[in-house]
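Note sheet for the following structure.
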Amino acid sequence: MDTATLIESIVDFKDEKQIDRETLVAILEDVFRSALVRKYGTDENFDLIINVAKGDIEIIRNRVIVSDDKIEDKLTQIGLSEAQKIESDYEIGEEVSEEIGLDDLGRRIIHFIGQSLKTKVLEHDNTNAFKKFQDLIGEIYSAEVHHVRQREIILIDDEGNELILPRDQQIPKEYFRKGDEVRGVIESVELRMNKPRIILSRTSPKFLIKLFEVEIPEVLDGLISIRKAVRIPGEKAKVAVETYDDRIDPVGACVGMKGSRIHGIVRELCNENIDVINYTNNLQLYISRALNPAKINHLKIDEETKTVEVILDAQEVSKAIGKRGANIKLAGQLTGYEIEVYRDGVEEDVMLNEFSDEIDEWVIDEFRKVGLDTARSVMELSFEELCQRTDLEDETVTEVMKILKEELEK
């Protein structure tokens, strides 16, 4: 890099990067002082005059005049005869201020300055990006797919910032191609090797909440507040809403006529099934609503263990549990209670763990995960439903049903 190119790059940085004058002066001073140390071993006897508007840098070297035979340090001292070549009336003890041209530094130092300037400006940009996105954590953001990798997708926004959408932050089964516009929430931001690593998420409950704000004016205006949102990405979600305005039906306002308002959110989330329920301080009523569409006969709450026993008719069990246990799982997350389902009117039953001699423990655990912990609770469901909810092999389900049937027929 020659002197002219260096001066031009300084002006370009000022204009293109939109760096404020004070910051650019600080960057330039740091870079040039590092170059002086590299060239002379010190920058203590140098002054810098920086004109950002013109991209002009003046380097002034200050040396004290000594007699020609008393020079001990050529960096800080100058002989009288040499000084008088600059100005004839100089005397011993005076200070000589002499401008050093950029060309005097040599091509290697000028190249060093150019590279250092680019590095410093890049660090400045990275720091600004880090601060910007830290303030945006939890906010909705859009960027374009730049590159699709096996474990993550690289996105680029309009300002050239790189964002990352990891595989575990993508909704299952969704597919993106280069050039697609992707929305999500800023999940986290951290600096790695002075470069911001910005993580976008489409699976976070915050994304669902932000979509409600975008699609439903009453939520954005604060007339309807979201107390809590939980989701199994791409499958099912539950959102508890409330309002202090008696004239507003919060659930109706969120869903819209024939689902018109929530349809856009469902589409964005790959047809995720969204239940919107009215929040209430009445815990029993809140848990009942959370288990919708199942109809509850009665329930028993244990505040100490944060568990609740829900009693319902046999035909309501599958509704309460939901596909792959999604409904009961989300109801528990929404209310903060572990929910146990019991069938009303069933007197004789056997817990699955009593079959541990005949059924492997891991198989029993698979049934428990979807709320099936007794022999009757399993046998009340069809073979197809059991295979679908548990993900167990057909042969395993068939064998379990055979064992349970024989026990219940006794």
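The values are calculated or read from the model by the stated rules, or taken from the named source; none is laboratory data. The structure presented is a predicted model; accordingly, all values stated were derived computationally and were not measured. Glycine gets a Cβ as well: all are built from the backbone with ideal geometry, and neighbour counts include every protein chain shown. Surface areas here come from the heavy atoms of the whole protein model, side chains and all, with no ligands, DNA or RNA. Shrake-Rupley method; radii C 1.70, N 1.55, O 1.52, S 1.80 Å.
For this structure, a couple of remarks:
- When residue 295 is tested against (1) over 37 Å from the mean Cα position of the chain (by Cα); (2) in a helix (DSSP H, G or I), exactly one condition is not met: (2).
- As a summary of the residue check, residue 305 satisfies the conditions (1) part of a loop (DSSP other than H, G, I, E, B); (2) at pLDDT below 90; (3) β-branched (Val, Ile, Thr) except for the one numbered (2).
- In summary, residue 359 fulfils each of the numbered conditions (1) open to solvent by less than 30 Å² (accessible area, probe 1.4 Å); (2) part of a helix (DSSP H, G or I) with the single exception of condition (2).
- Search result, residues across the stretch 367-410 that are exposed (fewer than 15 other Cβ atoms within 10 Å of the Cβ), free of Cβ contacts under 8 Å to residues at least 40 places away in the same chain and either over 18 Å from residue 318 (Cβ atoms) or touching a Pro at 6+ places or on another chain (Cβ under 8 Å) (or both): 393, 394, 395, 398, 402, 405, 406, 409, 410
- Top-ranked residue in the stretch 171-188 [being open to solvent by 10 Å² or more (accessible area, probe 1.4 Å), part of a loop (DSSP other than H, G, I, E, B) and touching a residue at least 12 places away in the same chain (Cβ under 8 Å); ranked as nearest to residue 140 (Cα to Cα)]: 180
- Out of 202, 197, sole residue that is surrounded by fewer than 20 Cβ atoms within 10 Å (Cβ to Cβ) and touching a residue at least 24 places away in the same chain (Cβ under 8 Å): 197
- The set of residues in the stretch 14-30 that are in contact with a His (Cβ under 8 Å, 6 or more places away or on another chain) and at pLDDT 75 or above comprises 23, 27.
- Contact annotation: residue pairs with Cβ atoms under 9 Å, 6 or more positions apart or on different chains, pairing a residue in the stretch 87-102 that is modelled with pLDDT of 85 or more with a partner that is surrounded by fewer than 12 Cβ atoms within 10 Å (Cβ to Cβ) and small (Gly, Ala, Ser), are 92/67.
- Residue in the stretch 227-243 that is part of a helix (DSSP H, G or I), over 30 Å from residue 150 (Cα atoms) and hydrophobic (A, V, I, L, M, F, W, C) present: no
- Taken together, the criteria place residue 266 among residues that are assigned to a helix (DSSP H, G or I), out of contact with any His (no Cβ under 8 Å at 6 or more places or on another chain) and closer than 20 Å to residue 142 by Cβ.
- Among the residues of the stretch 49-88, the ones that are in contact with a Ser or Thr (Cβ under 7 Å, 6 or more places away or on another chain), surrounded by fewer than 16 Cβ atoms within 10 Å (Cβ to Cβ) and farther than 17 Å from residue 36 by Cβ come to 2 in all.
- Scanning the stretch 91-113 for residues that are touching a strand residue (DSSP E or B) at 6+ places or on another chain (Cβ under 6 Å) and open to solvent by less than 60 Å² (accessible area, probe 1.4 Å) gives 96, 98, 100.
- Flag for residue 326 being closer than 21 Å to residue 280 by Cβ and either open to solvent by 50 Å² or more (accessible area, probe 1.4 Å) or modelled with pLDDT of 80 or more (or both): no
- Unique residue being free of Cβ contacts under 8 Å to residues at least 24 places away in the same chain, within 18 Å of residue 339 (Cβ to Cβ) and open to solvent by 20 Å² or more (accessible area, probe 1.4 Å) when the list is 300, 319, 258, 306: 300
- Unmet requirement for residue 157, which otherwise passes all of (1) touching a Leu at 6+ places or on another chain (Cβ under 7 Å); (2) farther than 23 Å from residue 239 by Cα; (3) at pLDDT 95 or above: (3)
- Filtered by the rule that a residue be open to solvent by less than 50 Å² (accessible area, probe 1.4 Å) and either outside any strand (DSSP E or B) or acidic (Asp, Glu) (or both), the stretch 114-151 gives 114, 116, 117, 121, 124, 125, 126, 129, 130, 133, 136, 138.
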